[in-house]
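Undergrad: Here you go, one structure.
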Amino acid sequence: MRVRRLKQTTLDALLKAYAQLHQIVEELYIAHDNAVANNDDEDASLLVSRADKLYE
């Protein structure tokens, strides 16, 4: 079986997207923690749900 190597530009684009996605997920979890601290249960639930989906 032949394994195809990705072009460097493709790898760079994927790595950039993964880094940006990681930052977004981190921000959502921080916002979740803040919502929990402020007893905003509905907001906290929504934030953690979105963060979990993106993390997957």
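The values are calculated or read from the model by the stated rules, or taken from the named source; none is laboratory data. On a predicted model such as this, the values are computed, not experimentally measured, just so you know. Using ideal geometry, Cβ is built from the backbone for each residue, glycine included, and neighbour counts are taken over all protein chains shown. Ligands, DNA and RNA are excluded from the accessible area calculation, which covers all protein heavy atoms including side chains. Shrake-Rupley method; radii C 1.70, N 1.55, O 1.52, S 1.80 Å.
Undergrad: List the number of the failed condition for GLU56; all other conditions in (1) modelled with pLDDT of 95 or more; (2) of a type outside the set (A, V, I, L, M); (3) open to solvent by 60 Å² or more (accessible area, probe 1.4 Å) hold.
TA: Just one mismatch for GLU56, condition (1).
Undergrad: Consider SER45 against the criteria (1) open to solvent by 100 Å² or more (accessible area, probe 1.4 Å); (2) over 11 Å from the mean Cα position of the chain (by Cα); (3) of a type in the set (Ser, Thr, Tyr): it satisfies all of them except one. Which criterion is unmet?
TA: Single failed check for SER45: (1).
Undergrad: I'm told ALA17 meets every condition in (1) part of a helix (DSSP H, G or I); (2) loosely packed, with under 10 Cβ neighbours inside 10 Å except one. Can you identify the failing condition by its number?
TA: If we test ALA17 against (1) part of a helix (DSSP H, G or I); (2) loosely packed, with under 10 Cβ neighbours inside 10 Å, just (2) comes out false.
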